[in-house]
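Below: one structure, written as structure tokens.
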Amino acid sequence: MIGISGIARSGKDTMATCLSSRIKADKHHKNVKILSLANELKKDLNHLIKKQFGFSAFTDITEEKNLIRPILVSYGEQMKLKYGKDIWIRKLAEKMDKSKFNIIADVRFDFEIDFLKENFDAFIVHITKENNVEPNDIEKINDPLVRAKSDLRHIWPPYEPDQMDLCDGHASIVWQMIHEGYKEKWKQI
């Protein structure tokens with residue numbers, strides 16, 4: 001399992017997609033599944049967001065994401081206060097398909113890294129997009145903690161949608177930088 005960390009709009013989903021393609025090209029890993037901690041949270045709020053804002057909580061449009069991010073963050077934080085800080089990682093773990101190679105596309109807290117490493121021997125990649133800024137205090141506080149616990153740190157430039165081949169190149173570099181010991185373990189699963 002690989003977890004991808006980084007602040008909002010750093011390209012975590014893009015890296016997950018590109019890594020998935022790269023891993024599928026490896027003859028030992030055909031079944032790759034990309035998962036997201038935020039999906040359960042977004043599912044909870046999707047009806048409200050659609051009704052009140054006129055778009056899905058799962059939007060990929062930056063302006064729409066920026067508009068609803070405070071709502072998503074606040075809801076996520078309040079749920080953690082009520083049900084424990086690991087509510088979202090526990091929900092994700094329940095839905096994880098252990099017969100597949102899982103990529104978690106949005107690891108944002110150090111305790112999530114601890115959970116993934118302890119329970120799934122995950123390898124964590126932290127990505128930073130050049131000139132990207134934390135959108136809120138929660139990410140300003142947590143991103144340095146997450147970066148410190150990550151196994152690999154990678155910086156990449158911003159890309160336009162028609163430059164995915166460059167993103168694929170970065171994913172290949174990241175895949176090459178992952179220690180062969182992990183890859184051998186993953187082949188045996």
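The values are calculated or read from the model by the stated rules, or taken from the named source; none is laboratory data. Keep in mind that this is a model prediction, so the values were computed, not measured. Neighbour counts run over all protein chains shown; Cβ positions are idealised from the backbone, glycine included. Ligands, DNA and RNA are stripped out before the accessible areas are found, and what is left, the full protein with its side chains, is counted by its heavy atoms. Shrake-Rupley method; radii C 1.70, N 1.55, O 1.52, S 1.80 Å.
Below, the figures for the structure above:
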quantity: Helices (runs of 4 or more DSSP H) enclosed by segment 85-189 - at least 2 residues per element that are open to solvent by 40 Å² or more (accessible area, probe 1.4 Å) and modelled with pLDDT under 85; calculated: 164-177, 180-188
quantity: Test: residue 59 is of a type in the set (S, T, N, Q), under 30 Å from residue 160 (Cα atoms), in a loop (DSSP other than H, G, I, E, B) and at pLDDT 90 or above; calculated: yes
quantity: Condition met for residue 41 (touching a residue at least 60 places away in the same chain (Cβ under 8 Å) and farther than 23 Å from residue 159 by Cα); calculated: no
quantity: Number of the exception - residue 34 against (1) open to solvent by 60 Å² or more (accessible area, probe 1.4 Å); (2) under 22 Å from residue 123 (Cα atoms); (3) touching a Lys or Arg at 6+ places or on another chain (Cβ under 8 Å); (4) not in a helix (DSSP H, G or I); calculated: (3)
quantity: When residues of segment 68-84 are limited to those that are open to solvent by less than 60 Å² (accessible area, probe 1.4 Å) and among the charged types (D, E, K, R), the one nearest to the chain's Cα centre (by Cα); calculated: 69
